[in-house]
1. How would 70, 173 line up from fewest to most surrounding beta-carbon atoms within 10 angstrom?
2. Hey, can you grab everything whose amide H is under 5 Å from the amide H of residue 142? Only 5+ residues off in sequence or another chain; H modelled, so Pro and N-termini drop out.
3. Can you list residues whose amide H is under 5 Å from residue 166's amide H, if they're 5+ apart or on another chain and H is modeled 1.01 Å from N?
4. Residue 123 versus residue 148, label points 7 Å from Cα toward the beta carbon: distance in nm?
5. Using the Karplus curve 6.51 cos²θ - 1.76 cosθ + 1.60 with θ = phi - 60°, what ³J(HN,Hα) values do you get for each residue of the stretch 47-56, in whole Hz, with x for Gly and Pro?
6. Which FRET efficiency, nearest 0.05, do residue 175 and residue 84 yield, Cβ-Cβ r, R0 30 Å?
7. Dividing the convex hull volume of the Cα atoms of the stretch 44-93 by its residue count, what figure in Å³ per residue is obtained?
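Read the figures in this text as sums done on the coordinates, not as results from a lab. Note that the structure is predicted; figures quoted are calculated from it, not measured. Cβ placement follows ideal geometry from the backbone for every residue including glycine, while neighbour counts extend to all protein chains displayed.
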Amino acid sequence: MENLESTSGMIKAVKLATKQELVDDLADIEEALELAACFPVITHVDPAVEQAKVQAVLDAKVAGAMTAGCGTEYALGLPKLLAKYVDVFRLTFGNDPPVDMPPKGAPHQVHQASSLQDRGYSLHQREFMQKHVEKLEKAGFIYRIPTSRWPCAPLIVRKPHTKDEFCMTVDLCPANIQTEQIA
């Protein structure tokens, strides 16, 4: 009786599954993307030159606000406010040096992965999102993780006084809740 083999399809499938070695075929791709994201090639630019370019654009925006008829008090306070935060503005995406902040660790408790509901985006919003994500990928700010269990929903907002210009933000609260600060 011991030499008899079962011809049941289920038993054959179980035997085949136990013989095969599990291989993560995305590991090599993900490792390269992770290394590129964690150790990017940083393009060194002169911060003074970049800030001068940004300041010129901000000055033009202030002048535009004045010609559009903003109040005098607002027109006097706006340049001071923009000068205080000039380092926040960017004209283009690039490989800036990393931000100095405390690291975050993986969750200590096993949390249930989040899931997203389908969101209805218009054609213009989808086109903007595709172009914007391509820009971010090209700059090395993001990379795709096909096996990610922690998706976060993008929010596409129309810029004021425009018909088809958008900006995008991502709500990272669901992912950040799952991590704990190490330092």
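1. Ordered by Cβ neighbours within 10 Å, fewest first: 173, 70.
2. Amide H to amide H, under 5 Å and 5 or more residues apart or across chains, residue 142 pairs with 137.
3. Here the answer is 159, since their amide H atoms fall under 5 Å of that of residue 166.
4. Result for the modelled spin labels: 2.8 nm.
5. Once θ is set to phi - 60°, the couplings for the stretch 47-56 become x, 5, 5, 5, 5, 5, 5, 5, 4, 5 Hz.
6. Approximately 0.45, to the nearest 0.05.
7. In the stretch 44-93, the Cα hull volume divided by residue count equals 69 Å³.
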